[in-house]
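In what follows, a single structure is set out as structure tokens and then discussed.
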Amino acid sequence: MGEAFQDREMTIFEHLAELRRRIIIAGLAVLVGMAIAAVFLTWPVIDLLTRPSDVHLQVLRPTETFSVYMKVALVTGAALAMPIIVWQALLFVLPALHQHERRFLLFAVPGVSLSFCLGLVFGFFVVIPAAVRFLAGFGSGYVQVTWSFEEYVSFVSTFLFWVGVVFETPLLMFSLAKLGVVDAEQLGRYWKYALLAAFVIGAIITPTPDPFNQTIVSVPIFLLYELGIILARFA
């Protein structure tokens with residue numbers, strides 16, 4: 001890693017040129033990933049996203065299926081290109097950091113990916129099925145439940161994304177403690193506010209208004225905060 005992150009004075013224009021080069025490489029990686037996803041992975045991903053649905057999905061516009069297909073291909077391609085995107089971001093940021101900060105950041109990146117994946121698994125297997133059952137059953141005795149294909153895929157993917165982001169809370173708290181921004185004692189004193197914030201965040205990102213599903217999301221958020229306090233002690 002030696003010369004790749006060697007300190008060197010750069011002008012603002014050199015920084016902008018470097019940023020432009022990193023963005024171009026990341027963009028090309030996304031395009032390649034999107035092409036691969038469009039050929040091999042998009043339909044399996046769509047099948048996975050629609051699997052929790054127990055209701056009939058319908059297409060309301062002539063271009064809806066193609067639009068959903070391309071959106072899923074883009075997101076899947078970005079996921080495939082994520083290692084390259086993260087690496088390009090690191091190449092741009094690391095020269096400005098101290099040696100110990102560089103080592104910590106390189107070790108933290110896999111943890112971010114793992115935390116996000118755990119959030120996806122939790123959201124897909126625990127929250128989404130419960131939310132779908134509630135929404136599909138609510139008022140079903142009075143109306144015929146039929147959902148738009150595009151609306152459903154957008155609903156599931158957006159919710160899974162935010163659950164994945166929330167699951168990175170412990171690692172974020174550990175990173176802030178490691179860098180000296182906060183400490184475990186400070187975080188522990190704010191547990192009441194964290195509990196309130198967990199239920200507020202749960203109410204915002206939960207796709208249903210019932211307290212049961214909101215609690216399913218909010219309690220793990222608070223437990224993640226407590227896990228972050230434990231990790232901060234090791235920092």
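Kindly indicate whether any position in the range 27-45 is touching a residue at least 60 places away in the same chain (Cβ under 8 Å), out of contact with any Leu (no Cβ under 6 Å at 6 or more places or on another chain) and surrounded by 13 or more Cβ atoms within 10 Å (Cβ to Cβ).
no
Write out, first by first residue and then by second, each pair whose Cβ atoms fall under 6 Å of each other, whose residues are 6+ apart or on separate chains, and whose first residue, in the range 162-183, is over 12 Å from ILE221 (Cα atoms) while the second is among the β-branched types (Val, Ile, Thr) and in a loop (DSSP other than H, G, I, E, B).
LEU176/VAL182
Of all residues in the range 180-200, which are over 14 Å from GLY228 (Cβ atoms) and either touching a helix residue (DSSP H, G or I) at 6+ places or on another chain (Cβ under 9 Å) or modelled with pLDDT under 85 (or both)?
GLY180, PHE199, VAL200
Return only the number of the condition from (1) of a type outside the set (Phe, Trp, Tyr); (2) at pLDDT 85 or above; (3) over 25 Å from the mean Cα position of the chain (by Cα); (4) not in a loop (DSSP other than H, G, I, E, B) that PRO62 does not satisfy.
PRO62 satisfies every listed condition except (4).
Checking the structure you have, find out if any residue of the range 5-15 is surrounded by 16 or more Cβ atoms within 10 Å (Cβ to Cβ), of a type in the set (A, V, I, L, M) and part of a helix (DSSP H, G or I).
No: the range 5-15 contains no residue that is surrounded by 16 or more Cβ atoms within 10 Å (Cβ to Cβ), of a type in the set (A, V, I, L, M) and part of a helix (DSSP H, G or I).
Would you list the helices (runs of 4 or more DSSP H) that sit entirely within the range 139-235 and hold 1 or more residues that are over 28 Å from VAL75 (Cβ atoms)?
Those helices (runs of 4 or more DSSP H) span 169-178, 184-189, 191-205, 211-234.
When you scan the range 117-126, do you find a residue that is touching a helix residue (DSSP H, G or I) at 6+ places or on another chain (Cβ under 7 Å), of a type outside the set (Phe, Trp, Tyr) and surrounded by fewer than 16 Cβ atoms within 10 Å (Cβ to Cβ), even just one? Talk me through it step by step, then tell me what you get.
From the range 117-126, those touching a helix residue (DSSP H, G or I) at 6+ places or on another chain (Cβ under 7 Å) are 119-120, 122-124, 126; that's our starting set.
Filter once more, keeping what is of a type outside the set (Phe, Trp, Tyr): 119-120, 123, 126.
From the residues that got through so far, the ones that are surrounded by fewer than 16 Cβ atoms within 10 Å (Cβ to Cβ) too are 120, 126.
Scanning the range 117-126 turns up at least one residue that is touching a helix residue (DSSP H, G or I) at 6+ places or on another chain (Cβ under 7 Å), of a type outside the set (Phe, Trp, Tyr) and surrounded by fewer than 16 Cβ atoms within 10 Å (Cβ to Cβ).
For the range 156-179, how many residues are more than 19 Å from ILE229 (Cβ to Cβ) and surrounded by 18 or more Cβ atoms within 10 Å (Cβ to Cβ)?
Of the residues in the range 156-179, 5 are more than 19 Å from ILE229 (Cβ to Cβ) and surrounded by 18 or more Cβ atoms within 10 Å (Cβ to Cβ).
How many residues does the range 74-90 hold that are more than 16 Å from ALA108 (Cβ to Cβ) and at pLDDT below 85?
Going through the range 74-90 one residue at a time, the tally reaches 0.
What's the number of the only condition in (1) within 20 Å of PHE116 (Cα to Cα); (2) in contact (Cβ under 8 Å) with a residue 60 or more places away in the chain; (3) surrounded by fewer than 18 Cβ atoms within 10 Å (Cβ to Cβ) that VAL153 fails to meet?
(3)
Pull up the range 156-179, narrow it to residues that are more than 22 Å from ALA131 (Cα to Cα) and hydroxyl-bearing (Ser, Thr, Tyr), then point me to the one that is modelled with the lowest pLDDT.
Only one residue fits best here, namely SER175.
Among the residues of the range 42-57, write down those that are among the polar types (S, T, N, Q) and at pLDDT 90 or above.
THR42
The values are calculated or read from the model by the stated rules, or taken from the named source; none is laboratory data. This is a predicted model, so every value here is computed, not measured. Don't worry about glycine lacking a Cβ; one is built from the backbone with ideal geometry, like all the others, and counts go over all protein chains shown.
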